[in-house]
1. Full extension from Ala63 to Ala138: what is 0.36 nm times the residue separation minus their Cα-Cα distance, to one decimal in nm?
2. For the pair Ala97 and Val35, how long in nm is the line joining their label points, each one 7 Å along Cα→Cβ?
3. For a Förster distance of 30 Å, can you work out the FRET efficiency between the beta-carbons of Val131 and Leu73, rounded to the nearest 0.05?
4. In nanometres, what is the gap between the two model label sites at Ser7 and Trp45, each 7 Å from Cα along Cα-to-Cβ?
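Read-outs: derived from the displayed coordinates by stated rules, not from any lab. All values reported here derive from a predicted model rather than from experimental measurement. Glycine gets a Cβ as well: all are built from the backbone with ideal geometry, and neighbour counts include every protein chain shown.
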Amino acid sequence: MSVPTLSSYEQRARHDRLALLHGWREQIMTWLMMVTAIVLCFAPWIWGEGPDAAKDAHRNELAVGIVVLLVVLARFSRHAGPWSDWTVLAAGGWLVASPWILGLQKAETFDNAQQIINVAAGTVLIVLAVVSLTLGAALRKEERAGDTARGHRTTPTPSR
């Protein structure tokens, strides 16, 4: 039984769709992650509190911001697989949960605004990671469908 081949128009449309998914995942999501990480690193100065206010909360934000910035650099320098999205998802989850886990809301210098910043930035990171994971899965599915339609093997051949 022969495998049906795609017309050049269908191949071009599939290629354009793959390029769009790849662009969204690799460029736009990465830039948004970078902006969120920079906001986390400079949050005390952005909101006029300075680095002395809520030191524990600022250290937490700074650590998460640096982790996300390192992931962003990895995504910009080379193709980063799903590990980068899972790392950002974990960092966002930690940022959302950390005020309660670390008990930062009970500290003398911790105020409600700092907790809101943590939860908001963590939520943004979680949403970006989930969207990037979803786009990555759709991209892999489209690539597999294209390989199947062109008659290529979708499973790797064992190396000898």
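1. 23.9 nm
2. Distance between the two pseudo-spin positions: 2.8 nm.
3. Computed FRET efficiency for Val131 and Leu73 comes out at 0.90.
4. Result: 5.8 nm between the two label points.
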